[in-house]
1. What trypsin sites (Lys or Arg not before Pro) does segment 1-96 have in DSSP loop regions with at most 15 other beta carbons within 10 Å?
2. Leaving ligands, DNA and RNA out of it, report the carbon-plus-sulfur percent of the accessible area of the chain at a 1.4 Å probe.
3. Sequence gap at least 6, Cα distance under 8 Å: using those rules, report the relative contact order of the chain to the nearest whole percent.
4. Can you give the calculated 222 nm mean residue ellipticity of the chain, where each DSSP H run of n ≥ 4 adds -39,500 (n - 2.57) and the sum is split over every residue, rounded to the nearest 500 deg cm²/dmol?
5. Given R₀ = 30 Å, what would the calculated FRET efficiency be for residue 151 paired with residue 38, taking r from the Cβ atoms and rounding to 0.05?
6. Once the piece of chain linking residue 197 and residue 384 is laid out straight, how much longer is it, given 0.36 nm per residue of separation minus the C-alpha distance between them?
7. Measure of size requested: the Rg and Dmax of segment 1-136, with Cα atoms as the atom set and Å as the unit; please supply both.
8. Throw me the Rg/Rh for the chain, computed over C-alpha atoms with Kirkwood Rh, two decimals.
Amino acid sequence: MRLLLTFAPLLLSVALLQLSTGGLGPMDALSGLTLGFTTGEIGLLGSAHFTGFFLGCWWAPRLMGSVGHARAFAAFTVLGAIGLLGHMLLTAPWAWAGMRVASGLCIAGCYTVIEAWLQARVTNATRGRAMGSYRLVDMGGSLLAQLLVGVLEPATYAAYTLLAILCCAALLPTALTRAEQPATPEAPRLRPALTFARSPLAGAAVLVAGLTSGSFRTIGPVYGQAVGLGPEQIGLFLAIWIGGGALAQWPVGWLADRYDRRWVLIGLSVASTLACALTLATSQSTTAVLICAAIFGLTSFPIYSVAAAHAHDWASDDERVELSASMMFAFAAGAIAAPLTISWLMQATGPGALFTIIALAHVALAVIGTIRMRARPTSAERTRYIYAPRTSFLIGRLTGRQRKDP
């Protein structure tokens with residue numbers, strides 16, 4: 001309880017931030033459909049978001065060094081609120097793309113500040129419990145955000161104003177905390193090829209994870225509407241995917257810590273391919289689509305964390321932060337390219353293109369995994385599997401030591 005009270009302001013800010021920005025992607029997709037945006041234009045919004053996210057990861061440590069943690073958090077939150085409130089003032093795809101860059105900057109910047117603050121407060125004795133609470137709040141807020149979207153009317157001032165209010169409310173716990181601001185973290189050096197140098201399979205898996213997550217979060221609502229889901233069911237569709245991913249963390253972690261992680265990645269890829277095929281085959285049934293979303297979350301969501309654990313098996317301790325930055329670079333590359341590309345294919349060929357492309361990507365990952373099994377033996381020194389959020393580059397500092405704890 002003392003630990004929770006110590007981190008309560010930061011965790012409350014995380015929850016409010018996720019409730020606000022976590023629902024923006026599906027809300028934009030549903031609102032775009034209401035306003036007559038094409039599928040390609042909706043895909044552009046997702047790509048713009050992840051572009052802003054990647055830029056924010058690098059700008060945040062530098063801004064913290066100039067103005068301090070609290071002011072940097074306030075600046076990024078204001079950017080997110082402005083982007084939210086501007087949606088119904090300019091209802092044009094190009095304008096919304098600029099606003100989604102602002103939302104990506106907001107998320108990356110705020111998480112960088114929060115994780116820098118957490119890093120300053122955790123000790124080796126409290127690291128595991130603190131990170132467990134952090135991940136629980138982060139994923140719980142994301143899940144609730146999808147459900148919230150289901151009850152808000154798309155393309156209305158009320159919907160975007162409520163999300164903006166939640167974004168502004170995230171300011172209060174951090175702004176009012178009496179805790180001393182920690183030292184400014186040094187921005188990690190970007191070595192994009194480091195993940196592929198340590199493990200080509202991990203690099204490919206992170207790319208596929210970015211493709212899957214970026215396209216599903218952005219284009220998933222378009223697919224849901226195309227197969228007959230209502231707004232409430234679309235929110236449930238996305239929430240079930242996240243919930244399935246949350247449930248998968250423990251059993252997948254157990255497997256990844258006891259068996260060759262390459263086999264685990266291959267198994268998850270094959271299972272994700274089957275889940276995509278099952279979704280396409282049962283798209284006429286609402287119940288079946290929701291069940292398939294849960295299966296898809298169970299099989300696809302843990303891939304990033306398994307890939308991260310596999311890459312860290314081959315890294316030295318002084319490379320862990322830069323390795324985390326490299327993996328997020330690869331994830332962002334997949335998440336930026338996928339929504340725009342898949343949305344154009346959906347516009348040309350139909351909604352089934354979403355799961356067809358995702359399935360092909362997972363088939364390719366399974367093939368790469370099989371090839372890599374023959375290339376070299378498994379690592380003799382294994383790190384712990386942990387759920388690795390894609391929040392900021394500083395997550396490497398928070399989880400690096402935890403990977404080595406017994």
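1. Details: sites: 2, 62, 71; in loops: none.
Those that pass, being in a loop and sparsely packed, number zero.
2. Looking at the chain in its full context, I get 67 percent from C and S.
3. Computed value for the chain: 26 percent relative contact order.
4. -27000 deg cm²/dmol
5. That gives a FRET efficiency of 0.70.
6. On the way: separation 187, 0.36 × 187 = 67.32 nm, distance 2.04 nm.
So the extension gain works out to 65.3 nm.
7. Reported Rg and Dmax, both Å: 16.6, 54.
8. 0.95
The values are calculated or read from the model by the stated rules, or taken from the named source; none is laboratory data. Fair warning: this is a prediction, and the values are worked out from it, not measured in the lab. Methodologically, a virtual Cβ is constructed for each residue, glycine included, from the backbone with ideal geometry; neighbour enumeration extends over all protein chains shown. All accessible areas refer to the heavy atoms of the entire protein, side chains included, with ligands and DNA or RNA removed. Shrake-Rupley method; radii C 1.70, N 1.55, O 1.52, S 1.80 Å.
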